[in-house]
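I have placed the structure first, in the form of structure tokens, so that the comments after it can refer back to it.
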Amino acid sequence: MRVVFVHGACVKDGSWWWRLTAERLAEQGVVSEAPGLPSCGETGETPGARGPGLPEDVAAVRQVLTASEEPTVVVAHSYGGIVVAEAAAGLDTVRHLLLISSYLPEVGQSLSSFGAEEPAPFLDVDADEGTFTVRPDALAETFLQDCDAEIQREAMNRTARQSLAVVEQLVRSAAWQHIASTYLVCVEDRGTPAGRQRAFAGRATHVVELDAGHHPFLSQPSAVRDLICGL
């Protein structure tokens with residue numbers, strides 16, 4: 001088995017966000033990979049009003065998924081669930097989807113389908129530039145409150161401005177309709193409250209809960225490792 005991690009919105013250096021869980025998986029002989037997302041500027045093109053957007057993110061993740069015939073568990077966080085819904089569709093090698101505080105969109109839905117009409121207060125949106133990101137003063141208290149101070153400091157340097165295009169671009173496939181899925185509800189999440197997560201999780205095959213904030217793979221990596229290995 002291998003694991004492919006797909007990170008959420010407004011961050012870069014995806015492997016850093018997953019590294020604590022990846023290290024614990026490696027101790028069990030499980031290899032993992034965390035592809036970069038073009039919409040977050042991880043593949044060289046600067047995000048802006050013209051993208052890159054969801055189609056480019058889907059292509060980047062699908063390229064990694066199709067590069068091996070090994071049975072794969074895909075772990076998607078937050079916005080990553082939008083990407084994976086399309087990127088993992090039709091791939092026999094993907095045996096399970098783990099959605100962490102994330103989304104299971106139907107065909108024709110977008111990230112905006114799951115949010116309010118107004119941007120969340122923790123976001124910094126630049127409509128002229130065509131990008132958005134997490135406000136620096138809100139990052140730790142909203143998304144990393146259960147992580148130690150060192151992780152909170154390091155995370156500040158790993159946020160990214162992301163193309164606004166991803167908010168409205170429609171998903172063209174829904175992999176979760178054909179692949180077994182588990183939804184991890186992060187009960188202490190201040191960015192996506194547990195009640196909303198539970199509503200999203202209604203489409204998943206299985207639902208589990210953990211007393212953790214938005215990034216349990218940083219605050220409780222052993223628990224996330226154990227969940228992955230048990231799928």
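Just so you know, all these numbers are worked out from the coordinates, no wet-lab data involved. Keep in mind the model is a prediction, meaning the values are calculated, not measured. All Cβ positions, glycine included, derive from the backbone under ideal geometry; neighbour counts span all protein chains shown.
See the values below:
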quantity	calculated
Condition met for Val171 (buried (at least 20 other Cβ atoms within 10 Å of the Cβ), closer than 24 Å to Val30 by Cβ, in contact with a Pro (Cβ under 8 Å, 6 or more places away or on another chain) and in contact (Cβ under 8 Å) with a residue 60 or more places away in the chain)	no
Close pairs (7 angstrom Cβ cut-off, 6 or more residues apart or separate chains): in contact (Cβ under 8 Å) with a residue 12 or more places away in the chain in segment 73-92, among the aromatic types (Phe, Trp, Tyr) and assigned to a loop (DSSP other than H, G, I, E, B) anywhere	Gly81/Tyr103; Ile82/Tyr103
Filtered residues of segment 118-158 (kept if within 17 Å of Pro193 (Cβ to Cβ) and part of a loop (DSSP other than H, G, I, E, B))	Glu118, Pro119, Ala120, Pro121, Phe122, Leu144, Gln145, Asp146
Residue list for segment 159-197, filter: assigned to a loop (DSSP other than H, G, I, E, B), under 26 Å from Gly130 (Cβ atoms) and touching a helix residue (DSSP H, G or I) at 6+ places or on another chain (Cβ under 6 Å)	Ala160, Gln169, Val171, Arg172, Ser173, Gly191
Test: His206 is surrounded by 16 or more Cβ atoms within 10 Å (Cβ to Cβ) and touching a residue at least 24 places away in the same chain (Cβ under 8 Å)	no
Segment 185-195: number of residues that are touching a residue at least 24 places away in the same chain (Cβ under 8 Å) and either farther than 17 Å from Pro105 by Cβ or surrounded by fewer than 17 Cβ atoms within 10 Å (Cβ to Cβ) (or both)	7
Members of segment 209-226 found to be among the hydrophobic types (A, V, I, L, M, F, W, C), in contact (Cβ under 8 Å) with a residue 60 or more places away in the chain and part of a helix (DSSP H, G or I), listed by number	Phe217, Leu218, Val224
Residue in segment 120-139 that is touching a residue at least 60 places away in the same chain (Cβ under 8 Å), closer than 19 Å to Trp18 by Cβ and under 17 Å from the mean Cα position of the chain (by Cα) present	yes
Those residues of segment 136-153 which are of a type in the set (D, E, K, R) and surrounded by fewer than 15 Cβ atoms within 10 Å (Cβ to Cβ), in sequence order	Asp137, Glu141, Asp148, Glu150, Arg153
Wholly within segment 1-107, strands (runs of 3 or more DSSP E) carrying at least 3 residues that are of a type outside the set (S, T, N, Q) and either surrounded by fewer than 17 Cβ atoms within 10 Å (Cβ to Cβ) or more than 10 Å from the chain's Cα centre (by Cα) (or both)	2-6, 94-100
